[in-house]
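Quick notes on the structure that follows.
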Amino acid sequence: MARSKMPAIVSPMLCTLTAAPVESTDYIYEMKWDGYRIVSRVEKNKVTMSSRGGLDYTRKYPLIAEALKSLEHDLIIDGEVVVLNEEGKPDFDTLQLYNGKRSPIRYCVFDLLYLDGNNLMELPLCQRKELLETLVKGNQIFLFSQSFEDGKALYEKVLEDNLEGIVAKKKDSPYVPGARAYDWLKVPTRKRQEFVIGGWAESDKSRSFKSLLFGAYENGMLQWIGRSGGGYKQAEMPGILKQLQEIETDESPFANKVLDTKGAKTHWVKPILVANFEFATWTKSGRIRKPATFLGFRKDKKPKDVVREVPKESQTVEAVIEQQHEEEQENSQPKGKKSSNKDNVKNNKKAEDNKSDLEKYHQKRSFDITPEPTGGAPDNQKLIFVVQKHDASHLHYDFRLEVRGVLKSWAVPKGPSMNPKDHRLAMEVEDHPYDYKDFEGIIPEGQYGGGTVLVWDNGTWEPSENIKGKKEQEHWLLSHYHKNKLSITLHGKKLKGKFNLIKTYGKAENAWLLTKVKDGHELETDITKKDQSVLSGYTILEVAMNSHSRIWHSNRKNSAVSAQLDAEVNGPEVLNESVTTTKARGHTQIKHSTVGQLFPKSKNNGSTRSNISAESNWNKIFEEKIKSEGAITIEKQTLQLSNIEKKLWKKTNKAALIAYYNSISRYILPHLKDRPLTLHVKNISAGAPGFYIKDMEGFQPDFLDIHSTKRKHKVKGKAGIIDYAVCNNLPALLWLINLGCIDLNPWNSTTKKPDEPDYIAIDLDPSDEDFKKAAKTAVKAKEYFHTQQLSAFIKTSGQTGIHIFIPCKGFTHPQARKIAEHICQEIHELTPMFTTLEVSVDKRGSKLFVDFSQNDQADTLAAAYSVRPSKQPAVSTPIEWEELTLDLKPSDFTIENIPSRLLEKGDLWKDLHNSNIKTKNSKILQLML
């Protein structure tokens, strides 16, 4: 099974027609339902029901659409829409007359292809059906298609009941869209098939027509197969004739000659109508012997999909199955060695007696560095299980079952669930030693699985079957493990009752599904919210904050590349320092209740957090409650960090953001040096509303520099001087990020020459967030700069736009703005169809704003390498002009890949402040005033 995007369209898997049931234990057997084949897709509560021919039937079957929506899952289901008569048998005639109203209708479901981000199509059929049965159980609209082991007995039963037939399906078969092979076989009780209408023969009686001529496609060409003169209701024949006359054509649509017309005048039609026919048998030439009986039109199937289905003899199919068995057996043996019964017995015993060793476990670890255990022996007559919460490169839960002295292990990304509706992906990993059951602590960075570990749950386990004795239970587990399904009962502090662990067969060979069985212990609440260790009572953060452990090490960075980058950073590793914490009763004690208590008295007239202006945005910072805190030392400066576990994005917390800025500090600090900042604070999350702080009001630490300037406009309750933050060192950078700044927005000028910008800024801002417009506009801008011989630097904004900086010197801010207006006008004239110079947002429509307005004093744009508070932690990233293509996306650059990009390319903007470039540009720009 592969974690993947939901397919937009799935063509139904098809059956091969056979003359009689095959007799093979490889197959299970189902009834063949007389209805409309419908593949249903539910994504984000939107339902789409598609016929085999691709028609949308969602509105036609509202009851089924409602039932699908009520499942509350993203999924794709294959099935047959049927109407049952009073005897409980499918009634196709009634189904054809169904008007979409709330009259009885059923959705007979027989396959589950996709579920909640997991593509199940390569999962064995039996496992797909087991998941499907659990999913639809209890809903009266769904009719789960039961499986039977005895195909011959089932066929005789449906024959006796005058039903349509049976379908044989290989138990381990994957779902292959559109395929017709020997994995699925259909055995009708009567010979029925769809054919394409190609014409009609006139009647010399009072009937509307004598017969319909039909055929099927072969190698892309319509071949005539037979005719039908019976089965029509007299009252319906005029309507059928009218349909035919509307599509009449002069030439025969058949590639071969039509025989046996018995002298009747023939009319040809366009091959767009499909109908179902019943007939006696096939001739050796592949035609129908005697006229067929018309059963009705099929609007759910495309003509081009109708092919001649001559039934295979069951002996032929069985021979193919036997050949496949032999090939599989040969492929399982080493080259040059043939299988024997003796070998098979030996191999079976080896699989049965196999004891998982720890070779892989030991190979991945350096035990002189990592605190993880190396072995251990069981000391209990009952088999134990343990679930460990592991905050590594990605937070996940490790599910471990004891068997023969080791812990067989699976990594569960979302964690176990007590809700039977949840199907958790579980990736099998190497066996772990028995003593790992009690391990809590920090695996050092650079070691396999680096991160923090706690024991989230533990207890005993046993087979759900009534198996007594520890050895017998271990034997059962290994036996069923090789059968790819474990049904177990857990007796834990959090996890209780029956669970299924089922192997899948996608791109990831080690993928399983972990599901809770409905047994009275199930819960709808999220069990993972019970986040404390069952051993220590710690949360994952408190384990990390243990004073005897290293804290906040960069367990989200990617090993070698990040380590190399960090080695280049001057100063200590912020995330590898120990934290000063106070311990009480075995738990980390939080000293302060709010962030404001971490701040000393203001340097501005000795004010404190309690007597600042009520309008000050500092209050929003001070009022944040502290859930965790600690102190680290950076370049001999002490930083108080708080709430680093806070999720700023769905998968990224504050600690990861601090780690990112620490790792790339040598690259971003030159773009911040001596530049006043307007602080954009988002101390709840990246997607929550934020606020701005210009005036530090004396609350800055000693290592954060200040630029003081007169306030242009008097504000009641505010001082006449504004103290802007200036980030000139690593401690200041990390202090600002901890404060709540996700992005950093410096002035265009420095404290040395605040009235003279170092560059002219142009912001390409698409009103409809269409980044392709920004890319196309930037390409034209590049052409303009080339003709003007100007050097310009480009970066993604980190959101939906592009920033262009043009180095300069000797201009005032008003002059810089005037030049920017001129350049933006030139760019707009090169792209008038999709750009605008309209400042008013309401008047821009869907056009891109070529923004010249970011060039006044104290105006800011995000710094190079600044993270942006977007939907994901995207970074405003300098790029080479050659990288500018329509395939470029802002999401290509995130905190995960920028460190490695910097190692590869270095700072592409290192020459932004080159004096020679400024001088050359300024001579050209002067002519634009």
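Taken together, the values in this text are just the output of simple stated rules run on the coordinates, not laboratory data. On a predicted model such as this, the values are computed, not experimentally measured, just so you know. Note that we place each Cβ from the backbone using ideal geometry, even for glycine, and neighbour counts take in every protein chain shown.
Computed from the C-beta positions of PHE834 and GLN872 and an R0 of 22 Å, the FRET efficiency is 0.30 to the nearest 0.05. In summary, the aspartates and glutamates within cross-link reach of LYS712, defined as a Cα separation below 16 angstrom excluding same-chain residues under 8 places away, comprise ASP695, ASP723, ASP755, ASP856, ASP859.
Computed from Cα atoms alone, the Kirkwood hydrodynamic radius reported for the range 110-154 is 11.7 Å. For q values of 0.11, 0.12 Å⁻¹, compute log₁₀ I(q)/I(0) with the Debye formula on a Cα-only model of the range 2-188, without solvent. Computed log10 I(q)/I(0) values: -0.46, -0.55. Calculated on the Cα set of the range 359-542, radius of gyration then Dmax: 15.7, 47 Å. Taking only the C-alpha atoms of the range 784-843, the Rg (one decimal) and the largest Cα-Cα distance, Dmax (whole number), read 12.9, 36 Å.
Put in order of Cβ neighbour count within 10 Å, fewest first, the listed residues TYR217, TYR27, TYR57 become TYR217, TYR57, TYR27. When every Cα-Cα distance of the range 132-234 is counted in 10 angstrom steps from zero, the calculated P(r) takes the values 11, 24, 30, 22, 11, 2 percent.
All C-alpha pair distances within the range 62-161, sorted into 10 Å bins from zero, spread as 13, 41, 33, 13, 0 percent across the bins. Within the range 192-308, antiparallel bridges make up roughly 90 percent of the DSSP beta bridges whose residues both belong there.
Rg and Dmax, both from the Cα atoms of the range 28-80 and both in Å, are 11.4, 33.
Each of HIS396, HIS267 has some number of other Cβ atoms within 10 Å of its Cβ, and from fewest to most they run HIS267, HIS396. Each of VAL841, VAL158 has some number of other Cβ atoms within 10 Å of its Cβ, and from fewest to most they run VAL841, VAL158.
Measuring nothing but alpha carbons in the range 192-308 and taking Rh as the Kirkwood radius, the Rg to Rh ratio lands at 0.92. Diagonalising the gyration tensor over the Cα atoms of the range 759-926 and scaling each eigenvalue by 5 before taking the square root yields semi-axes of 23, 21, 15 Å, largest first.
Using the rule -39500 (n - 2.57) for each DSSP H run of four or more residues, divided by the residues of the chain, the 222 nm mean residue ellipticity is -6500 deg cm²/dmol. Ratio of Rg to Rh for the chain: 1.07 [Cα atoms; Kirkwood radius as inverse mean 1/r over pairs]. For the cross-link pairs LYS69/LYS299; LYS5/LYS516; LYS591/LYS682; LYS129/LYS516; LYS682/LYS753; LYS773/LYS818, the ones whose C-alpha atoms lie over 19 Å apart are LYS69/LYS299; LYS5/LYS516; LYS591/LYS682; LYS682/LYS753; LYS773/LYS818.
Below 20 Å Cα-Cα, how many Lys pairs turn up in the range 158-289? Only count pairs eight or more apart in sequence, or on different chains, if you could. Count of close lysine pairs: 21.
Calculated on the alpha-carbon coordinates, the convex hull of the range 176-249 measures out at 148 cubic angstrom per residue. Centre-to-centre, using Cα atoms only, the range 838-860 and the range 218-271 are separated by 66 Å.
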